[in-house]
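The values are calculated or read from the model by the stated rules, or taken from the named source; none is laboratory data. Because the structure is a prediction, the values reported are computed rather than measured. Here the Cβ positions follow ideal geometry from the backbone for every residue, glycine too, while neighbour counts run over all protein chains shown.
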Amino acid sequence: MLGRFGPVVTFVAHNGPIQQHQRGMATLKSISIRLKSVKNIQKITQSMKMVSAAKYARAERDLKQVKPIGNGAKQFYEKAEIDAPTDVPQKLVIAITSDRGLCGAVHTSVVRHIRTELGKDDVNVKVVCVGDKSRAILSRTFGKNIILACNEVGRLPPTFTDASKLADAVLKSEYKFGAGEIVYNKFKSVVSYQTSTLPVYSLQSVAAAPKLSIYDSLDDEVIQSYLEFSLASLLFYSLKEGACSEQSSRMTAMDNASKNATEMIDKLTLAFNRTRQAVITRELIEIISGASAL
Amino acid sequence: MSAWRQAGLNYINYSSIAARLLRQALKADLRTEAAKRNDSHIRITKWEAGKPIKSSEF
């Protein structure tokens, strides 16, 4: 629903120099039409800001609860000191974005990170695109590297069921990877986020980890089950982080758009009044010169 | 090997079935809130050689 306003906003943004109208054929009518349309766009961006502010508040609350899940899963990889296997070059990259635009550079920064990765080695790296945005950008240049694409992400807050479906799909994709990473936007504050990665490893590389013995009573069965679960938890955590960064970034983007619209409205009002004054003056001159010619 | 893995499930399937059953077993006032967490909207499509494949088993 919100995405539909995308082209409208850019259209206005590119028409910055209003002076163009002043020297040309700026009629009162054309200025007032433009003024009206900018006012309407401002209304839209303002209400989008309110909507995303409400969504952001919820996303941040959710994120607070999810953080321990993500950290717990991350700790295992750090404590066991797992390294990517050298004999299996295949890598998996999971891009966490969403379907919605108009939120600053959140999606592009995730995609840029992946693009540098693919630039180094585009044969052994496969991508899972979560969200239409990353798919749309990557499919043009690296379409053959995409193995899974997900959409319907970002309309509603992500649930653990979403994450487990995704993890299940990744595990069943028959792509054998040695190591992988989840690329997502880590939420830092309302105005900032950082594009970060979370590691994902295969069963073989975990089983070969040197410090695995610090964990008690592990057999292959337990490790396999835990890895499957931890993939789902990590995905859930990164989806939540991504959703929160996206909403906060959209809030800032829409705030800026509203501010720019206010600026444009001021300039247009000035131009409108000047033109009106000019029309009145011209009419007066016509009347006076007509009268003196009599 | 556990029975569910022999049946072709992995831990994710197993735990999500368990979670669903637990949510259904809750008291009515808590169940509506918990049922929301059961929803999933994500749609997954397989891709091959730069093209999406129509059939989706997820």
Considering only residues that are in a loop (DSSP other than H, G, I, E, B) and modelled with pLDDT of 85 or more, look in the range B:39-52 and name the one that is surrounded by the fewest Cβ atoms within 10 Å (Cβ to Cβ).
B:ASP39
Does A:LEU284 satisfy the criteria of being under 30 Å from B:MET1 (Cβ atoms) and either crowded, with 17+ Cβ neighbours inside 10 Å or more than 28 Å from the chain's Cα centre (by Cα) (or both)?
no
Listed by first then second residue, the pairs whose first member lies in the range A:159-182 and is within 12 Å of A:LEU148 (Cβ to Cβ) and at pLDDT 85 or above, whose partner is basic (Lys, Arg) and in a strand (DSSP E or B), with beta carbons under 8 Å and at least 6 positions apart or on separate chains, are A:SER173/B:LYS46; A:TYR175/A:LYS126
Quick test of your reading of the structure: A:LYS144 fulfils all but one of (1) more than 22 Å from the chain's Cα centre (by Cα); (2) more than 10 Å from chain B (Cβ to nearest Cβ). Name the failing condition by number.
(2)
Quick check on the range A:174-192. Is at least one of its residues among the acidic types (Asp, Glu) and out of contact with any Leu (no Cβ under 7 Å at 6 or more places or on another chain)?
yes
Residues within the range A:112-137 that are surrounded by 23 or more Cβ atoms within 10 Å (Cβ to Cβ), part of a helix (DSSP H, G or I) and without any contact (Cβ under 8 Å) to a residue 60 or more places away in the chain, tallied
3
Going by what's in this entry, would B:ALA35 be described as surrounded by 15 or more Cβ atoms within 10 Å (Cβ to Cβ), in a helix (DSSP H, G or I), within 12 Å of chain A (Cβ to nearest Cβ) and free of Cβ contacts under 8 Å to residues at least 40 places away in the same chain?
no
